[in-house]
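Beneath this line is the structure, given in structure tokens, with notes to follow.
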Amino acid sequence: MLVHKQIIIRGKVENTGFRLHAMRGACFCGICGNVRQHGNEIWIEAEGEEESVSAFTAWCRDNHEYSEIESVIINIKTLSGYSDFKIL
């Protein structure tokens, strides 16, 4: 079943390459959507099969080499029909 989750990652993520890390994870997991910087947070819109989105969420929870994740917030959203994954 297709799902859409908004993933908000808080912590030391600014200027760490985390958006590129998220894009690599999205490509690996087959996720469509986008990732963007929002102050000291990363906001990710992720659509795909439920198992794939769960795997991608786990990928995002794992600390990137240069970031320090303090919290991850996940919101269920309505499908938007993304066809690829972009860094905004």
Within segment 53-82, tally of residues that are under 14 Å from the mean Cα position of the chain (by Cα) and on the phi > 0 side of the Ramachandran plot: 0
Positions within segment 66-85 being touching a helix residue (DSSP H, G or I) at 6+ places or on another chain (Cβ under 8 Å) and of a type outside the set (S, T, Y), in sequence order: I69, V72, I74, F85
Strands (runs of 3 or more DSSP E) enclosed by segment 16-88 - at least 1 residues per element that are over 21 Å from L2 (Cβ atoms) and open to solvent by 80 Å² or more (accessible area, probe 1.4 Å): 32-38, 68-77
Please indicate, with yes or no, whether at least one residue in segment 30-43 is more than 18 Å from I87 (Cβ to Cβ) and over 8 Å from the mean Cα position of the chain (by Cα). no
Could you check, for segment 75-82, whether at least one of its residues is of a type in the set (S, T, Y), at pLDDT 95 or above and in contact with a Cys (Cβ under 6 Å, 6 or more places away or on another chain)? yes
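The values are calculated or read from the model by the stated rules, or taken from the named source; none is laboratory data. In this text, all values refer to a predicted model and were calculated from it rather than measured experimentally. All Cβ positions, glycine included, derive from the backbone under ideal geometry; neighbour counts span all protein chains shown. Keep in mind that these areas ignore ligands, DNA and RNA; they rest on the heavy atoms of the full protein, side chains included. Shrake-Rupley method; radii C 1.70, N 1.55, O 1.52, S 1.80 Å.
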